[in-house]
1. Given the conditions (1) under 30 Å from residue 880 (Cα atoms); (2) surrounded by fewer than 18 Cβ atoms within 10 Å (Cβ to Cβ), and given that residue 513 satisfies all but one, which numbered condition is not satisfied?
2. What about residue 772, is it within 16 Å of ligand 2 (Cβ to nearest atom) and of a type outside the set (Val, Ile, Thr)?
3. Of everything in region 673-728, what is open to solvent by less than 10 Å² (accessible area, probe 1.4 Å) and at positive phi? Give them in sequence order.
4. Could you list, in sequence order, the residues of region 758-780 that are surrounded by 24 or more Cβ atoms within 10 Å (Cβ to Cβ) and under 30 Å from the mean Cα position of the chain (by Cα)?
5. Would you say residue 587 is open to solvent by less than 10 Å² (accessible area, probe 1.4 Å), more than 15 Å from residue 699 (Cβ to Cβ), among the small types (Gly, Ala, Ser) and touching a Phe, Trp or Tyr at 6+ places or on another chain (Cβ under 9 Å)?
6. Residue 663: surrounded by fewer than 18 Cβ atoms within 10 Å (Cβ to Cβ), free of Cβ contacts under 8 Å to residues at least 60 places away in the same chain and of a type in the set (D, E, K, R), yes or no?
7. Kindly indicate whether residue 634 is within 16 Å of ligand 1 (Cβ to nearest atom) and closer than 30 Å to residue 749 by Cα.
8. Quick check on my filter: what residues within region 716-764 are farther than 21 Å from residue 567 by Cα and within 16 Å of ligand 1 (Cβ to nearest atom)?
Amino acid sequence: MKYVYFFGSGKAEGNGEMKEVLGGKGAGLAEMTRIGLPVPDGFTISAEACDYYFKHDRKYPKELTAQVQANLTRLEKATGKKLGDPFDPLLVSVRSGSARSMPGMMETILNLGLNSKSVEGLAKRTGNERFAYDAYRRFVQMYSTVVMGLPKDDLEEKLRQLKDRLNIKDDTRIPAEHLKSLVDDYKQFYEAKSGKSFPEGPADQLWGAIAAVFESWMGEKAVTYRRVEKITGLLGTAVNVVQMVFGNTGENSGTGVCFTRDPSTGERDFFGDFLINAQGEDVVAGIRTPMPLREMSNRMPKVYKQLENVRKTLERHYRDMQDLEFTVEDGKLYMLQTRTGKRSPAATFRIAMDMANEGLITREQAIERIQPDDIERLFYPVIAPSTKREDLAKRKIATGVNAVPGAAGGKAVFTAHEAEDWASRGEKVILVRRETSPEDVGGMHVAQGILTATGGKTSHAAVVARGWGKCCIVGCEVLEIDYSKKLMHVDGRTISQGDWLTLDGSEGAVYEGQIELARPEPPKAYSVVMGWADDIRKLRVRTNADTPFDARRAREMGAEGIGLCRTEHMFFKDFEQPEKSVERQLAIQEMIIADTRESRQKALDKLLPFQRRDFIGIFEAMNGLPVTIRLIDPPLHEFVPHERKQQEDLARKIGVPVEKVIRRVEQLHEANPMLGHRGCRLAITFPEILEMQVRAIIEAAIECQGRGVKVFPEIMHPLTMAKREMEILEEATRRVADRIISERKVKLQYLVGTMIELPRAALIADQIAEIAQFFSFGTNDLTQTTMGLSRDDAGRFLPEYVDEKKTGIFAADPFQTLDQEGVGMLIRWAIERGRKTRPGLKVGICGEHGGDAQSVKFCHRVGMNYVSASPFRVPISQLAAAQAVIEDKAARESGKRAKARD
Ligand code: PEP
Ligand code: MG
């Protein structure tokens with residue numbers, strides 16, 4: 001089996017499509033070589049070798065040794081140099097790279113091939129002893145930490161002490177003889193700690209590095225990153241062995257990271273960081289604060305021009321924004337990496353829109369590029385526009401580099417562990433670090449925002465935070481952080497752990513204290529791309545809203561009606577007039593405690609005006625759009641107090657003996673209330689509740705219609721399970737509704753339908769559809785009852801069912817992402833059966849799954865008319881609905897092609 005792929009001199013065995021095997025970096029290097037860009041020669045050991053390594057008790061496949069040797073020989077031939085040569089040595093970098101980008105989470109070793117002899121050769125050949133020993137120093141340092149796992153800080157400390165002794169700030173100023181002694185010092189440290197001498201043989205070094213890169217795939221930070229990013233199903237990491245090029249040979253050299261467009265805004269600016277006379281990781285690690293890329297046009301105009309051309313070539317080639325790494329060695333440009341660049345949510349929309357308008361991609365491709373998370377993150381907060389400028393000025397304590405836009409507030413913490421700890425207690429935190437390293441990824445993930453004292457826009461912190469759309473400020477050099485005391489000094493003030501900070505990632509501003517945040521207006525590109533999605537999608541997207549406020553907000557987000565209005569929510573709270581909430585609660589409680597029909601009716605009469613007013617508000621907000629109103633659903637015990645004191649209170653207020661309240665509460669107790677007296681079963685046993693609710697709906701609709709509001713009420717019965725049950729409900733509904741309509745002498749169209757949320761209802765959907773004019777799948781309950789999983793309690797063990805490492809029983813939480821196999825089968829059946837009886841049957845979904853992209857795509861495939869999602873998830877569903885159409889089309893076309901081939 002082939003495990004190693006060569007690239008060099010304009011030819012490559014691999015290509016850009018082979019990400020799974022070569023990893024993103026390897027595939028990028030191969031592809032750049034193929035299209036004639038300047039790439040140093042090298043070879044990639046495939047991720048399949050890594051997969052083998054972990055599956056076979058950390059043993060390499062038997063072919064690997066010979067293949068690596070053959071490719072090394074080929075590399076030596078191509079470069080005219082030999083690894084470990086004492087006169088003119090070949091040096092290589094050994095880098096990780098998996099199919100999905102995991103910035104900084106795995107290992108890299110540079111300058112491999114140096115030993116006590118070849119370093120002399122390098123010094124002579126380059127005529128630069130300082131450079132040669134600096135390279136050697138870096139290699140020994142990296143090898144010690146990465147391969148041998150020695151503590152990085154100890155080695156860094158030795159370097160720091162040396163600089164202090166020499167009174168030098170900049171690494172590049174350390175004279176050669178001191179670097180020599182530093183190398184000796186490192187080697188002694190290596191020997192003392194590991195009990196072995198530092199490897200001199202280049203082959204030993206190379207295999208040590210290969211193993212270390214493979215091992216880093218299972219390292220804690222990489223595993224954590226994959227968990228938080230939900231990356232699964234990859235083979236492992238590839239290993240790239242590439243001829244070293246040096247950005248630190250003098251002022252005519254340098255290294256940089258850039259993006260072909262601005263990853264924060266998406267604008268078509270060539271954007272990045274550059275360091276003169278620096279090597280490899282210096283930019284990414286955020287140790288030195290680099291200069292902006294455009295400075296390079298002054299310092300190295302010719303190379304900059306060349307880089308500009310590379311930028312154009314790569315964007316045209318990949319048709320997406322690229323994240324590039326390059327090095328300039330003595331005025332010659334080398335490309336070291338190209339990959340799809342991580343970008344902020346706003347940039348995702350902007351780049352998709354611009355590229356479609358530029359003809360680089362189609363509109364459909366633009367839509368496919370947006371992920372549900374991008375939409376959610378687009379609405380991350382900003383500083384409330386109402387905040388006074390003077391107030392902001394007073395609180396501002398520092399300005400750093402605005403790496404990821406959005407704003408965030410939280411309590412300052414200075415370590416990633418502390419961040420995780422505090423966040424697990426429900427605290428909002430801002431993680432403040434000198435720089436972040438990949439070990440910090442867990443803490444970064446839970447923090448509201450990230451603030452670092454060093455680093456540029458392409459530093460580790462910025463790249464990782466950007467992928468999450470998380471507010472991040474880097475290079476805030478005025479911060480004097482004292483980790484041991486858990487505080488920082490800035491602007492003459494001291495911020496201790498636990499003190500509140502607010503960050504404005506768009507401005508790079510750091511504020512002391514808590515400042516109000518608000519949701520931002522979406523950018524223009526958002527409306528444009530969402531407009532394209534609207535043109536394509538077949539599914540309508542409604543919202544679940546119980547209040548006029550939510551209904552208005554959902555409509556602003558693009559909702560095309562209400563798919564579920566849970567009327568019982570109105571019993572708890574008066575959303576428009578909060579002071580009336582108690583009155584409402586009392587009325588419903590009085591209704592429940594009542595033991596005669598008359599007294600129940602009296603209480604219901606009090607509730608009627610409240611309900612009518614709510615419905616009027618909702619109809620107005622949804623003028624012209626359908627509104628599905630579901631009658632009362634939860635078991636009645638949810639509305640009455642269970643504690644003695646509150647029971648006494650209630651008894652006093654409604655004028656009944658407390659014993660009566662207690663008795664009634666006891667009567668309502670059920671061992672299994674979710675399967676008990678709830679849903680339409682309440683309307684069957686207490687028809688007067690149904691009558692009140694239907695009356696409120698119809699009277700509200702008539703009133704609105706009289707004022708010119710277009711109303712389309714759809715009255716929905718929850719939890720039905722039998723045809724006769726549905727018949728009773730429908731008759732009762734129409735009796736009340738039609739009487740009012742005829743009394744008022746008006747015309748009003750309304751529908752009567754049901755939720756399908758019990759397996760029995762799904763199974764006999766053909767019978768239910770004889771009565772019901774529409775179905776709405778209540779997939780929360782349908783999941784609960786199909787799987788026999790309690791939606792309230794399953795959280796205790798369900799995570800184990802979805803943990804890939806533990807059991808992997810389900811790919812996702814079935815209460816979030818629809819179980820298409822099981823619950824989905826019932827849904828398909830019910831739609832098919834329902835439409836057999838009633839061909840035009842309107843079908844939707846109103847469980848939480850209506851706002852989950854994967855589930856929405858399923859709803860499209862099974863032919864639903866609409867999905868209904870909570871207001872903020874409406875755009876996610878709209879996008880998923882459009883993507884479903886595109887995926888459908890692609891599947892049909894590939895099916896056709898396959899047929900034609902047969
Ligand atoms: C459902 O069961 O999916 C549903 C929408 O109803 P509820 O969540 O109110 O039970
Ligand atoms: Mg339900």
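The values are calculated or read from the model by the stated rules, or taken from the named source; none is laboratory data. Quick caveat: nothing in here was measured; it's all calculated off a predicted structure. Methodologically, a virtual Cβ is constructed for each residue, glycine included, from the backbone with ideal geometry; neighbour enumeration extends over all protein chains shown. Just so you know, the surface numbers come from the protein's heavy atoms only, side chains and all, with ligands and any DNA or RNA stripped out. Shrake-Rupley method; radii C 1.70, N 1.55, O 1.52, S 1.80 Å.
1. (1)
2. On the way: within 16 Å of ligand 2 (Cβ to nearest atom): yes; of a type outside the set (Val, Ile, Thr): yes.
Yes: the conditions hold for residue 772.
3. 679, 719
4. Matches in region 758-780: 776, 777, 778, 779.
5. Numbers: open to solvent by less than 10 Å² (accessible area, probe 1.4 Å): yes; more than 15 Å from residue 699 (Cβ to Cβ): yes; among the small types (Gly, Ala, Ser): yes; touching a Phe, Trp or Tyr at 6+ places or on another chain (Cβ under 9 Å): yes.
Judged against the criteria, residue 587 is a match.
6. Values: surrounded by fewer than 18 Cβ atoms within 10 Å (Cβ to Cβ): yes; free of Cβ contacts under 8 Å to residues at least 60 places away in the same chain: yes; of a type in the set (D, E, K, R): yes.
Against the criterion (surrounded by fewer than 18 Cβ atoms within 10 Å (Cβ to Cβ), free of Cβ contacts under 8 Å to residues at least 60 places away in the same chain and of a type in the set (D, E, K, R)), residue 663 qualifies.
7. Numbers: within 16 Å of ligand 1 (Cβ to nearest atom): yes; closer than 30 Å to residue 749 by Cα: yes.
Taking the combined requirement at face value, the residue satisfies it.
8. Hits for region 716-764 are 759, 760, 761, 762.
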